[in-house]
Amino acid sequence: MLIRKIVPILACLILLSACQSKNQFDPEAAALARTELGLGYLAHADESEENIKLAHYNLKRAAEYSPNNPKIMLAMAMFDQHVGEYKEAEMIYKRIILTSQNDGLYHLHFGVFLCARERYSEAEREFEQTILLDRHQWKADALEQYGYCAIQNGKTETADSLFEQLFKYDAKRRDMVLKTAQIYEQRGDSRIANYLQRIAKKK
């Protein structure tokens, strides 16, 4: 579930980073365009097998054009995570963080990955590192994702504190948390859904 929320974050970043070349082939621009396309298919991967194939094709081409671009590596890690190639995904996450330790985006995504694998203490360290870096664009996402991870782990007090910080930092996040509660409800996880509804409506 969390990966579906986080894909648009990277997709928006790719859109801001991409540039166009008028008269000659620009491998970096082509790589970013392929990544954007691949992430689009990945966001709808649950709808058809063809979307998974198209996501893989475009992300693979992107990696061929620009193999050391951390944003493209991140997209590949997210794909591997989605299709269950967890060891490969983790290897990529660790490679990215080694070269981009001061970028909260990568710690945030790695935290989401670790939480999905129920490796909560490791996930907490990645979320805390993102928050510690205190970059405006990732701090709210880190607080929100950390909150989801804490409640999944049964740490209600930690989750309470994180969501309280989140709503003070960005009051608009209440609506996002309520939408996430609906996703948990649809999945049959009423415990987390009820918690998120309560915490989002609490003033």
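No value in this document is a laboratory result; all are computed from the given coordinates. Being a predicted model, the structure only gives us computed values, none of them experimental. Glycine gets a Cβ as well: all are built from the backbone with ideal geometry, and neighbour counts include every protein chain shown.
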In degrees rounded to 10, the 0-90 angle between helix 86-99 Cα long axis and the longest Cα principal axis of the chain is 80
Helix 104-116 sits at what angle to the longest principal axis of the chain, using alpha carbons and giving 0 to 90 degrees rounded to 10?
-> 60
Show which aspartates and glutamates lie in cross-link reach of Lys53 when reach means a straight Cα distance below 18 angstrom and same-chain residues fewer than eight apart are skipped.
-> Glu36, Glu64, Asp80, Glu85, Glu88
Just from its helices, what would the mean residue ellipticity at 222 nm be for the chain, if runs of 4 or more DSSP H residues each count -39500 (n - 2.57) and the sum is divided by every residue, rounded to the nearest 500 deg cm²/dmol?
-> -26000 deg cm²/dmol
Show which aspartates and glutamates lie in cross-link reach of Lys179 when reach means a straight Cα distance below 16 angstrom and same-chain residues fewer than eight apart are skipped.
-> Asp141, Glu144, Asp170, Asp189
Assigned charges on the beta-carbon of Lys, Arg, Asp, Glu; the chain dipole about Cα centre (debye) = 500
Violations at 27 Å Cα threshold for listed pairs Lys71/Lys155; Lys60/Lys94; Lys94/Lys139 -> Lys71/Lys155
With the charge dipole of the chain built from beta-carbon charges (+1 for Lys and Arg, -1 for Asp and Glu) about the Cα centre, the Cα from Leu132, Ala43, Phe163 projecting farthest to the positive end belongs to Phe163
Calculated Cα Rg over 2.2 N^0.38 Å (choose from [x] 1.76; [y] 1.26; [z] 1.04), label | [z]
Could you give me the ³J(HN,Hα) list for the range 42-53, computed from phi with Karplus coefficients 6.51, -1.76, 1.60 and θ = phi - 60°, whole Hz, x at Gly and Pro?
-> 5, 4, 10, 5, 6, 7, 6, 5, 4, 5, 5, 4
Coil-residue GluC sites (Glu not before Pro) of the range 18-108, DSSP, other Cβ within 10 Å capped at 12 = none
Setting aside same-chain residues fewer than 8 positions from Lys202, which aspartates and glutamates have a Cα under 14 Å from its Cα?
-> Asp160, Glu164, Asp175
Reduced to Cα centres, the span from the range 30-86 to the range 144-192 in Å works out to 28
